[in-house]
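What follows is a set of notes on a single structure, which appears directly below.
No value in this document is a laboratory result; all are computed from the given coordinates. Owing to the predicted nature of the structure, the values given are computational and were not obtained by experimental measurement. Neighbour counts run over all protein chains shown; Cβ positions are idealised from the backbone, glycine included.
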Amino acid sequence: MRVLIIENDEKLSKILSDILNAKKYQTDIAENLKDGKYYVSIRNYDLVISNWNLSDAIGADIITTIKDKSPKVPIIVISSKDSTEVEISALNSGADDFIKQPCLPEVFIARIEARLRSWGTSLIEIEDLIINPDEEKIIYKGQEIEVKGKPFEVLTHLAKHRDQIVSKEQLLDAIWEEPELVTPNVIEVAINQIRQKMDKPLGIATIETVRRRGYRFCYPRAAQE
């Protein structure tokens, strides 16, 4: 999973990043809202963590800006201000959670993982197709389909973002722990496996190639379309 941290305190952002990296999350760090806005425009994130007070924005403007770029991404607001008013303002503005800083590392990661479970563990159900990310299972009309590993992760990621065109670079960033060490060709291989093991035998289409831009989840569009 990939997490974006928007925090102008360099020491704090590194602490948060190190905590998440130790739990195998991939992290990017933005020092201000401008940089954070850029990151969410080029990558798909499972979670955004942002300070309530940034050098170039304060409060609800942060949440609105991120949600405008990536409406479905959950946002956790952090703040060192010991104020119930700030917490209420953050939640009322669209934040999905609020964590007061400083926070014990074990408490912080427990809150993050609890939120990610509640946001990301629900089944993806589209007509006769069920994708279960937790159990790495795909069920089509009651039949389990053998798509595992990276092809499964690619399919799941595209299904979660089925209203978007996702580039090869975004897929690499979201799924591979060290995307700089692999070539974009691995995406083509994964998608070919999905089509050979799933789409072709079932007579359906799940992923369409958008020329020069990337891929888009297209089920339940008929295969011949």
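Take Met198, Met1 and order them by how many other Cβ atoms sit within 10 Å, fewest up front.
Details: Met198 23, Met1 17.
The fewest-first ordering by Cβ neighbours comes to Met1, Met198.
At a Förster radius of 30 Å, what calculated FRET efficiency corresponds to the Cβ-Cβ distance of Asp61 and Ala110, to the nearest 0.05?
Numbers: r = 29 Å, r/R0 = 0.97.
Efficiency computed from Cβ-Cβ geometry: 0.55.
Rounded, prolate or oblate: which fits the stretch 78-136 when a ≥ b ≥ c are the square roots of the eigenvalues of the alpha-carbon gyration tensor, with rounded for a/c under 1.5 and prolate only if a/b beats b/c? Numbers along the way, then the final one.
Numbers: a/c = 6.88, a/b = 2.02, b/c = 3.41.
Because a/c hits 1.5 or more and a/b fails to exceed b/c, the stretch 78-136 counts as oblate.
Relative contact order of the chain, please, whole-number percent, based on alpha carbon pairs below 8 angstrom and at least 6 residues apart. Working shown, then result.
Numbers: 337 pairs, mean separation 30.8, N = 225.
Result for the chain is 14 percent.
Straight-line reach from Lys67: which aspartates and glutamates fall under 19 Å, measuring Cα to Cα and dropping same-chain residues less than 8 apart?
Candidates past the 8-residue exclusion: Glu7, Asp28, Glu31, Asp35, Asp46, Asp56, Glu87, Asp96, Asp97, Asp163.
Filter the trypsin sites (Lys or Arg not before Pro) in the stretch 22-125 down to the DSSP loop ones having no more than 16 other Cβ atoms within 10 Å, then list what survives. Intermediate results must be reported in sequence, preceding the final value.
Working: sites: Lys23, Lys24, Lys34, Lys37, Arg43, Lys67, Lys69, Lys72, Lys81, Lys100, Arg111, Arg115, Arg117; in loops: Lys23, Lys24, Arg43, Lys72, Lys81.
Passing both the DSSP loop test and the Cβ count: Lys23, Lys24, Lys72, Lys81.
Among the listed pairs Lys11/Lys168; Lys37/Lys72; Lys81/Lys160; Lys11/Lys150, which are separated by more than 24 Å between their Cα atoms?
Numbers: Lys11/Lys168 32 Å; Lys37/Lys72 14 Å; Lys81/Lys160 34 Å; Lys11/Lys150 34 Å.
Violating the 24 Å Cα-Cα cut-off are Lys11/Lys168; Lys81/Lys160; Lys11/Lys150.
Under the classification rounded if a/c is under 1.5, otherwise prolate if a/b is larger than b/c and oblate if not, where does the stretch 2-120 fall, given a ≥ b ≥ c as square roots of the Cα gyration tensor eigenvalues? Can you show the working numbers first?
Numbers: a/c = 1.23, a/b = 1.05, b/c = 1.16.
Taking the square roots of the gyration eigenvalues as a ≥ b ≥ c, the stretch 2-120 is rounded.
Give me the one-decimal nm value for the distance between modelled label points at Glu135 and Lys72, 7 Å along each residue's Cα-to-Cβ direction.
Distance between label points: 2.2 nm.
How large is the helix-only mean residue ellipticity at 222 nm for the chain, computed as the sum of -39500 (n - 2.57) over DSSP H runs with n ≥ 4, divided by its residue count, in deg cm²/dmol to the nearest 500?
On the way: 8 runs with 88 residues, N = 225.
-12000 deg cm²/dmol, from helical runs alone.
Can you tell me what share of the DSSP beta bridges in the stretch 1-139 is antiparallel? A percent to the nearest 5 is fine. Don't jump to the answer; show the numbers that get you there.
Values: 7 of 24 bridges.
Looking only at bridges with both residues in the stretch 1-139, the antiparallel portion is about 30 percent.
Would you calculate the separation in nanometres between label points at Asp18 and Asn32, each defined as 7 Å from the Cα along the Cα-to-beta-carbon direction?
So the two model labels end up 2.7 nm from each other.
Please work out which option in [x] 1.09; [y] 1.01; [z] 0.91 gives Cα Rg over 2.2 N^0.38 Å calculated from these coordinates, and answer with its label.
Evaluating Cα Rg over 2.2 N^0.38 Å on these atoms matches [x].
Rounded, prolate or oblate: which fits the stretch 1-63, taking a ≥ b ≥ c as square roots of the Cα gyration tensor eigenvalues, rounded meaning a/c under 1.5, else prolate when a/b beats b/c?
Details: a/c = 2.14, a/b = 1.33, b/c = 1.61.
Taking the square roots of the gyration eigenvalues as a ≥ b ≥ c, the stretch 1-63 is oblate.
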